[in-house]
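This report concerns only the one structure given below.
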Amino acid sequence: MSNSHTNTLENSQNSSPLTITIRQPDDWHIHLRDGNALTTTVAHAAQSFNRVICMPNLVPPVKTAADAITYRQRIEQALMQTNIDAQRKTQFNPRMTLYFTDNTSAADIKQAAESGIVQAVKLYPAGATTNSADGVTDLKHCTAALDAMQQYELPLLVHSEVTRADVDIFDREKQFIENNLQQIVHDYPELKIVVEHITTGDAADFVLAQKDNVAATITPQHLLFNRNHLLVGGIKPHFYCLPILKKATHQARLLEVATSGNPKFFLGTDSAPHATHAKENACGCAGCYSAAHALPLYATAFDGIGKIDKLEDFCSRFGAEFYGLPLNDTTITLVKTDMTVPATYAYIDDSTLTPLLAGDTLPWSIQ
Ligand code: NCD
Ligand code: ZN
């Protein structure tokens with residue numbers, strides 16, 4: 001496809017639906033998992049995105065450049081086995097992350113930076129979310145690695161939540177920013193930092209107050225929903241993700257910054273597959289699965305407040321520029337025509353995977 005019609009809105013005749021052609025997006029935060037899960041997740045991701053930043057919270061985690069190289073090979077193998085078209089296969093480019101542990105060394109960072117395939121290092125506070133048991137217990141263990149990351153210009157991606165039992169789940173993001181992130185930004189002023197999947201106005205304000213080296217990803221669920229969607233009228237496990245959905249006032253602030261044209265805010269779906277039975281469970285897993293229909297979800301959120309013209313830069317420019325990568329030169333067309341989100345997809349071990357808004361109708365679809 002040509003590159004000359006990016007971000008054009010077309011509605012030539014009243015009878016034809018609105019279409020928008022944008023530069024091909026990248027997903028700067030995705031969970032593809034491993035093994036047979038890749039058959040499902042890679043096919044979905046590759047249909048919409050060129051570069052994807054693959055989160056390292058496997059069991060065991062991706063801790064070294066060598067782990068990242070073999071994980072990337074498994075993703076590439078799965079890609080070759082999908083039946084998506086040849087052009088999408090060549091465009092799809094998984095970018096890897098290391099999982100920050102108390103033992104991540106300066107040498108690990110140097111190797112990762114020199115590997116050419118590791119894009120960043122992901123910090124999970126131990127116990128904060130899915131597969132974070134091996135995460136960082138105290139930032140005091142991280143100084144050598146953080147120094148090296150600043151030196152080798154390897155960005156830090158942060159799951160920004162404290163894990164202390166006495167802190168309310170709805171306050172955990174704000175507390176991490178105040179207690180930990182402020183300090184990291186102060187101590188490593190040149191380190192590139194992405195505050196992942198921000199969920200509060202406090203996080204948005206924090207990011208806005210920093211220099212250009214601090215940015216944030218925003219998920220479709222945090223733009224479209226708030227905690228009422230999760231809890232009113234019965235618990236809806238498919239809206240449960242971490243950090244948890246917050247009040248409507250926070251949702252509104254996230255929509256405001258995402259559609260503001262500020263390059264600090266860009267697309268990261270946090271698409272996080274868990275089998276249906278693991279979500280619809282007395283102790284349900286955290287994560288929303290959105291890889292296949294993330295673009296219609298984002299288009300719905302942006303168009304819902306009359307800001308569809310801001311979609312392209314959020315999806316396809318600001319993240320690449322933050323990471324210092326070239327912009328994609330292919331395009332994708334979204335059309336304002338209803339799509340029904342599938343009820344389930346086939347998933348590992350004869351299970352199913354229930355996507356975000358399963359069975360519902362979205363006003364936007366991929367052409
Ligand atoms: C993610 C997962 O399932 O891996 N879950 C989630 O709720 N977002 C982990 C994460 O990004 O926190
Ligand atoms: Zn995630």
Subject >> Electrostatic dipole magnitude of segment 169-328 [Cβ: Lys, Arg +1; Asp, Glu -1; Cα centre; debye, to 20] >> reply: 400 debye
Original post:
Roughly speaking, what is the stretch gain from ALA286 to ASN93, that is 0.36 nm per residue apart minus the C-alpha to C-alpha distance, in nm to one decimal?
Top reply: 66.9 nm
**OP:** Just need the relative contact order of the chain here, percent rounded to a whole number, with Cα pairs under 8 Å and 6+ apart.
**Re:** 18 percent
Original post:
Anyone know which of ALA144, ALA165, ALA113 comes out most mobile in the 10 Å Cα GNM of the chain?
Top reply: ALA165
Original post:
Full extension from ALA346 to LYS236: what is 0.36 nm times the residue separation minus their Cα-Cα distance, to one decimal in nm?
Top reply: 37.5 nm
Original post:
How about segment 148-253: which trypsin sites (Lys or Arg not before Pro) there are in a DSSP loop, with at most 13 other Cβ atoms within 10 Å of their Cβ?
Top reply: ARG164, LYS211
Subject >> Over segment 131-261, relative contact order from alpha-carbon pairs under 8 Å, at least 6 apart, % >> reply: 22 percent
Original post:
Rg(Cα) of the chain divided by 2.2 N^0.38 Å?
Top reply: 0.93
**OP:** Pairs to check: LYS122/LYS174; LYS140/LYS264; LYS63/LYS211; LYS122/LYS192. Give those whose C-alpha atoms are more than 21 Å from each other in this structure.
**Re:** LYS140/LYS264; LYS63/LYS211
Original post:
What residue among LYS310, LYS140, LYS122 shows peak mean-square fluctuation when the chain is described by a Gaussian network model with Cα springs under 10 Å?
Top reply: LYS140
Subject >> Whole-angstrom gap from segment 306-344 to segment 148-215, using each part's C-alpha centre >> reply: 25 Å
Original post:
How much FRET efficiency would the formula 1/(1 + (r/R0)^6) give for ASN83 and ILE117, where r is the Cβ-Cβ distance and R0 is 45 Å, rounded to 0.05?
Top reply: 0.95
Original post:
Where only protein heavy atoms count, and the probe is 1.4 Å, what is the accessible area per residue for segment 108-190 in Å²?
Top reply: 45 Å²
Original post:
Distance from the Cα centre of segment 273-297 to that of segment 58-82, in angstrom?
Top reply: 22 Å
Original post:
Counting only protein heavy atoms, what percent of the accessible surface of segment 288-367 is carbon or sulfur at a 1.4 Å probe?
Top reply: 48 percent
Subject >> Spin-label proximity, SER260 to segment 197-224 - amide N less than 12 Å from point 7 Å beyond Cα toward beta carbon >> reply: 201-210, 216
Original post:
Counting DSSP beta bridges in the chain, what percent are antiparallel, to the nearest 5?
Top reply: 40 percent
Original post:
Which of the aspartates and glutamates could a cross-linker bridge to LYS310, judged by Cα under 19 Å and excluding same-chain residues fewer than eight apart?
Top reply: GLU10, ASP26, ASP27, GLU256, GLU321, ASP329
Original post:
How big is D, in µm² s⁻¹, for segment 122-242 by Stokes-Einstein at 25 °C and 0.890 mPa s if Rh is the Kirkwood radius over C-alpha pairs?
Top reply: 160 µm²/s
Original post:
Where is the GNM fluctuation largest for the chain (alpha-carbon springs, 10 angstrom cutoff): GLN183, GLN47, GLN91?
Top reply: GLN183
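The values are calculated or read from the model by the stated rules, or taken from the named source; none is laboratory data. This one's a predicted model, so the numbers in the text were calculated from it and none came from an experiment. Positions of Cβ are backbone-derived with ideal geometry, glycine not excepted, and every protein chain shown enters the neighbour counts. Only protein heavy atoms, including side chains, enter the accessible area calculation; ligands, DNA and RNA are left aside. Shrake-Rupley method; radii C 1.70, N 1.55, O 1.52, S 1.80 Å.
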